[in-house]
Amino acid sequence: MIKEEPLELQKGVEELREGLYRVATPVPFPEKFTCGYVGRNEVHGAVSFTILDPGYHTLGNEEIWQTSLQRIGVEPAQIDGIYVTHFHPDHLGAAGWMQQWSGAPVYVLQQEIDPARAAVTGVPWGTYGTQSLGRWFTALGISMEDEQTSKALLHMNDTRVPMFNPLPTLTPVRSGTQIPFAGTEAIILWAPGHTPGQLNLYLPQTHELFSGDHILPKITPNVSRLPGGLLNPLASYMENLRQLLMLPLGTIYPAHGKVLEEGVRRVIELYDHHIERAQLAAECAQGGRNVFDITIDLFSYRQLKVWDYPLALGEALAHLEYMVSQNRVDRLIDGKPTLPETRLESVLLDVPEAEMPTLRYRSK
Ligand SMILES: [Zn+2]
């Protein structure tokens, strides 16, 4: 039974149930804290501990982890594995430090290896460099001539690289792998959408789910179509939510915010939310418009600042592409509808710059 949660999360360690602990460490983002989890395992009398999501790397957070683990009674050598849900710095950032400190392997899902390696080495968007990113955003309808805009869009990743220092050595793990976790068995699940290879842990005996940023209690996870990323990230995300609803699902432990006792309800809420947003994106695409104009309408409830553009445009594009795959919206390349399966990269980036076509979306 889980204790009543305080109104706000507090930094440091908390025992959630026997053999399961949460370590909350501050992040300089609106989420305030990343929730790391520690599971105690006992296999044939040998005690070890598995960590999920080390979080953001600061000296203060190193100290929080060390004191928290000490309070639980964990020796560094007892850490058998460090699992990271996805490559973002508020999850993977402290993994390199924790690996050096404990000697434990750092695991990410196989599908996350490339995005994670790209992030820690500073190559934005995998094989597509900064040059391509400029073309991508131009195709979405943004004028890259304005210095502030181009800086915000093209160099958004530059500041991220130092956040992964020291670099962890990453070991790929497959979806479906079973590991001992928190007194029971956990299955590693592939939860694409927020990133291409987000890792979740599902505990079939207790129906608990460790959801990373896939399911969050207060905010909806950003699902963006980015160059070199998933072709239809929202379709992948929605499909995964449907799969989760087929499992017996109880408590959800997210990577930000409080424990969700009624996991199913939140999964349904997120599903409905994205259907609604996709329908709105289709309405905004009436008559055939570029992605930037659609984005401004889709987010009309708030004043978008230039640094919001990458995620807002990515999210609008993900919803439009989803509606293209649902046959509700046409994707117009130089005014002509294209097949949903057409990769945007091959049309926009793998052609000479002078031949780059116009891109528009039009509701049917
Ligand atoms: Zn996060």
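Each value in this text was obtained by applying a stated rule to the coordinates, not by laboratory testing. Because the structure is predicted, anything quoted here is derived from the model rather than measured. Note that each Cβ is placed from the backbone with ideal geometry, even for glycine, and that neighbours are counted across all protein chains shown.
Once you sort the root eigenvalues of the Cα gyration tensor of the range 188-233 as a ≥ b ≥ c, which label holds: rounded (a/c under 1.5), prolate (a/b larger than b/c) or oblate (the other case)? All intermediate terms of the calculation are to be shown ahead of the outcome.
Values: a/c = 4.04, a/b = 1.75, b/c = 2.31.
Because a/c hits 1.5 or more and a/b fails to exceed b/c, the range 188-233 counts as oblate.
Using a 7 Å offset from the Cα along the Cα-to-Cβ direction at both Val306 and Val351, what is the distance between the two label points in nm, to one decimal?
It works out to 2.9 nm between the two label points.
Tell me the volume per residue, in Å³, of the convex hull enclosing the alpha carbons of the range 180-288.
Working: hull volume 10.9 nm³, N = 109.
Convex hull of Cα atoms, per residue: 100 Å³.
Return the loop-located GluC sites (Glu not before Pro) in the range 4-109 (DSSP other than H, G, I, E, B) with at most 16 other Cβ atoms within 10 Å of their own Cβ; answer none if there are none.
Numbers: sites: Glu4, Glu8, Glu14, Glu15, Glu18, Glu31, Glu42, Glu62, Glu63; in loops: Glu4, Glu8, Glu18, Glu31.
Those satisfying the criteria are Glu4, Glu8, Glu18.
Of the candidates Trp307, Trp136, Trp65, which one comes out as most mobile in a Gaussian network treatment of the chain with C-alpha springs shorter than 10 Å?
Residue with maximal mean-square fluctuation among Trp307, Trp136, Trp65: Trp307.
List the aspartates and glutamates whose Cα lies under 13 Å from the Cα of Lys11, skipping any in the same chain that are fewer than 8 positions away.
List returned: Glu31, Glu62, Glu63.
Cross-link partners among aspartates and glutamates for Lys336, C-alpha distance below 18 Å, same-chain residues fewer than 8 apart left out?
Glu321, Glu345, Glu355
Let me know the shape class of the range 216-364, please: from the alpha-carbon gyration tensor, a ≥ b ≥ c as square roots of the eigenvalues, rounded when a/c is under 1.5, otherwise prolate if a/b is greater than b/c, or oblate.
Values: a/c = 2.06, a/b = 1.83, b/c = 1.13.
Taking the square roots of the gyration eigenvalues as a ≥ b ≥ c, the range 216-364 is prolate.
What does the chain give for Rg and for Dmax, in Å, if only its C-alpha atoms count?
21.0, 67
Pairing the Cα long axis of helix 130-139 with the longest principal axis of the chain, what angle in degrees results, from 0 to 90 and rounded to the nearest 10?
So the helix axis and the longest Cα principal axis differ by about 50 degrees.
How much FRET efficiency would the formula 1/(1 + (r/R0)^6) give for Thr220 and Asp293, where r is the Cβ-Cβ distance and R0 is 25 Å, rounded to 0.05?
Values: r = 23 Å, r/R0 = 0.90.
Efficiency at R0 = 25 Å is approximately 0.65.
For the chain, build the charge dipole from Cβ charges (+1 Lys, Arg; -1 Asp, Glu) around the Cα centre, then report which of Leu320, Val47, Gln205 sits farthest towards its positive end.
Toward the positive end, the furthest listed residue is Leu320.
Measure up Lys218/Lys364; Lys218/Lys305; Lys151/Lys364 against 30 Å on the Cα-Cα distance and list the ones that go over. If you can, show how the numbers build up before the last one.
Working: Lys218/Lys364 33 Å; Lys218/Lys305 22 Å; Lys151/Lys364 36 Å.
Check vs 30 Å cut-off fails for Lys218/Lys364; Lys151/Lys364.
Can you check what the Kirkwood hydrodynamic radius comes to for the range 1-91, Cα pairs only, in Å to one decimal?
Computed over Cα pairs of the range 1-91, the Kirkwood hydrodynamic radius comes out at 13.6 Å.
What is the Å³ per residue value for the convex hull set by the Cα atoms of the range 280-319? Let's see the in-between values first.
Details: hull volume 2.3 nm³, N = 40.
Normalising the Cα hull of the range 280-319 by residue number yields 57 Å³.
With +1 assigned to the C-beta of every Lys and Arg and -1 to the C-beta of every Asp and Glu, and no other charges, what is the dipole magnitude of the chain about the Cα centre in debye, to the nearest 20? Mind showing how you got there, number by number?
Working: 29 positive and 42 negative charges, 84 e Å.
With Lys and Arg at +1 and Asp and Glu at -1, about 400 debye.
Could you give me the radius of gyration and the Dmax of the range 36-159, taking only the C-alpha atoms into account and expressing both in angstrom?
18.9, 64
If I fit a long axis through the Cα atoms of helix 309-325 and take the longest principal axis of the Cα atoms of the chain, what angle between them do I get, 0 to 90°, rounded to 10?
Computed tilt is about 80 degrees.
Kindly state, as a whole number, the per residue volume in cubic angstrom of the convex hull around the alpha carbon atoms of the range 295-364.
On the way: hull volume 7.2 nm³, N = 70.
About 103 Å³ per residue, rounded to a whole number.
Output the 0 to 90 degree angle, nearest 10, between the alpha-carbon long axis of helix 263-284 and the longest principal axis computed from the alpha carbons of the chain.
Rounded to the nearest ten degrees, it is 10.
Determine the dipole magnitude for the range 47-120: charges of +1 sit on the beta-carbon of Lys and Arg, -1 on that of Asp and Glu, nothing else is charged, the reference point is the Cα centre, and the result goes in debye to the nearest 20.
Values: 2 positive and 8 negative charges, 10 e Å.
Magnitude of the dipole: close to 40 debye.
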